[in-house]
1. For a quick check: with amide H placed at 1.01 Å from N, whose amide H comes under 5 Å from residue 39's, ignoring anything fewer than 5 positions away on the same chain?
2. Just to confirm, what accessible area per residue do you get for region 54-103 at 1.4 Å probe, in whole Å²?
3. Tell me the accessible surface of residue 50 in square angstrom (1.4 angstrom probe, heavy atoms of protein chains only), to the nearest ten.
4. Going by a ≥ b ≥ c, the root eigenvalues of the Cα gyration tensor, does region 43-104 fall in the rounded group (a/c under 1.5), the prolate group (a/b larger than b/c) or the oblate group?
5. Of all the accessible heavy-atom surface of region 29-104, with the other protein chains kept in place and a 1.4 Å probe, what percent is carbon and sulfur?
6. Exactly which trypsin sites (Lys or Arg not before Pro) in region 37-69 are in a DSSP loop and have at most 10 other Cβ atoms within 10 Å?
7. HN-Hα J couplings of region 62-68 from phi, Karplus 6.51/-1.76/1.60, θ = phi - 60°, integer Hz, Gly and Pro as x?
8. Short version: ³J(HN,Hα) in whole Hz for each residue of region 86-93, in order, from phi by Karplus 6.51 cos²θ - 1.76 cosθ + 1.60 (θ = phi - 60°), x for Gly and Pro, what are they?
Amino acid sequence: MAKRKRFSRRPQPKHKKQRKSQHDKRKRLQRRNPNRRKTTSAKVPLTCAMQGAVRVLQAVMDHRIAFRLAIVIAGMFLADDRRTASAWFVAAGVQDDWTGFTIA
């Protein structure tokens, strides 16, 4: 039997254990930023039947996150190019509270 050829690709280097980051987010997240802009509505609001359908869905959601549904759906319709959640947020006009829309 013929011998197998060796795998031609070199193995990837192993990463060294990194030390703790000097930019710890916990301290930053504990302080409130007074200049932070909140998103309360989409850049272009929904109308007619779509607005009614979204309101029905919002009625069964938790009130703290229900308002975001209309913003995200408006962004879905307005987004061009890549169909990703971040593209939807940009198209909807999400402000500095971007993380509130990404946490599930």
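The values are calculated or read from the model by the stated rules, or taken from the named source; none is laboratory data. Everything quoted here is computed from the prediction, not taken from an experiment. Cβ placement follows ideal geometry from the backbone for every residue including glycine, while neighbour counts extend to all protein chains displayed. Note: areas computed on protein heavy atoms with side chains; ligands, DNA, RNA excluded. Shrake-Rupley method; radii C 1.70, N 1.55, O 1.52, S 1.80 Å.
1. 95, 97
2. Numbers: 3250 Å² over 50 residues.
Per-residue accessible area for region 54-103 comes out at 65 Å².
3. Number for this one is 70 Å².
4. Numbers: a/c = 2.05, a/b = 1.21, b/c = 1.69.
Note, shape of region 43-104 comes out oblate.
5. 58
6. Within region 37-69, the qualifying trypsin sites (Lys or Arg not before Pro) (loop, at most 10 other Cβ atoms within 10 Å) are 37, 38.
7. My calculation for region 62-68 gives 5, 5, 6, 10, 4, 5, 6 Hz in order.
8. 5, 5, 5, 5, 5, 5, 7, x
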